[in-house]
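Each reported figure results from applying straightforward, stated rules to the coordinates on display, with no laboratory input. Note that the coordinates shown come from a computational prediction; the quantities given were computed from them, not determined experimentally. Cβ coordinates were reconstructed from backbone atoms using ideal geometry, including for glycine residues, and neighbour counts include every protein chain displayed.
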Amino acid sequence: LSLHDALPIYLYDSLTARNVATPLAQSTLDNVASDITTTLNNRGIRPSNASSIHAAVDEIKLPATAGAADVADLVAARQSIKELLGKHDTNKAGAFVALGKIEQAIEQNSPGTLAKIREADKNYAAFKAGEALDKRTAKAELRAAGENSGANVGNKIRQQVTTYLTSNEARYLSPETKADLEKIVRGTASQNLIRWAANLLGGGGGLGMLAGGAAGYQAGGTPGAVAGMLAGKGLKVANNRSIVKQAEQIGRNIRMRSPLGQQSPLILPQMQNPLLSGSIAGLLARPHD
């Protein structure tokens, strides 16, 4: 495995090895599950209207290794039940109830472990958000290359990030990460001004280019027409380049904001985007530093 692929495994496996091998009596798991089930039923969250959460709670009674329950089983139950937070039904309400009780049991049986788990959660969330941004930026670049020789990559990136923000994948994003990604969608004042000018001068090609050329022709004849079209193209390239760099920087910011990034920034994986690293330079005529 590369560091990029191994990081999510490392974040939780290293925690499990050091913190959650504390043995538990089977009765501890049974009592936690029973307490959660009773609370759920009392709140009207029944198997008939929230079967997923009740099934997940029942699994708490079954340790990974029969006859050898430990805190890792509670941690695994927590991870499983967190997935139900993405549902838009009664299971979500039940998941919040269950998580509170499971986390309380983890802390009671292995003090200090919950803080480490939450730190691993933040690291994992940052890793996944950065990875999702990388993949969607690469997809945007690929589609732009196929449709218009890369000339529309900035708009494609914005569209891909918008899709990500409105998807179920984004449910665990921190407010800071969401705000960063929204900046890509909304654009900066300078980006939007350049985009407007590029469109006005026909930087996107088609009828806009003809209009830009016509305006240039009126101002300076044939040389003016050529200059107008080239100016539109140049502004389009500048806008695309700005959005690509913005996405790269926000990806770095997301990773650096994680606890792991703040502690050991050099071990964080770099942007894993072969399309951007290879072909974007040619598509946008980016100069080498």
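Converting phi to 3J(HN,Hα) with the Karplus coefficients 6.51, -1.76 and 1.60 and the offset θ = phi - 60°, segment 46-62 yields 9, x, 5, 10, 8, 5, 5, 5, 5, 5, 5, 5, 4, 5, 4, 6, 10 Hz in sequence order, with x at every glycine or proline. Placing R0 at 35 angstrom, the Cβ-Cβ distance between ASP30 and THR162 gives a FRET efficiency of 0.15 after rounding to 0.05.
Pairs from the list LYS135/LYS183; LYS61/LYS128; LYS82/LYS183; LYS87/LYS156 with a Cα-Cα gap above 23 Å: LYS61/LYS128; LYS82/LYS183; LYS87/LYS156.
How much length is gained if the chain between ARG171 and THR39 is pulled fully straight, taking 0.36 nm per residue apart and subtracting their Cα-Cα distance, in nm to one decimal? Don't skip to the end; give the middle numbers.
Numbers: separation 132, 0.36 × 132 = 47.52 nm, distance 2.55 nm.
Separation in residues times 0.36 nm, less the Cα-Cα distance, equals 45.0 nm.
A simple packing score, the average count of other Cβ atoms within 10 Å per residue, orders the peptides 62-71, 85-94 as 85-94, 62-71, with the highest score first. Taking a point 7 Å out from the Cα of ASN253 in the direction of its Cβ, the residues of segment 139-175 whose backbone N falls within less than 13 Å of it are 175.
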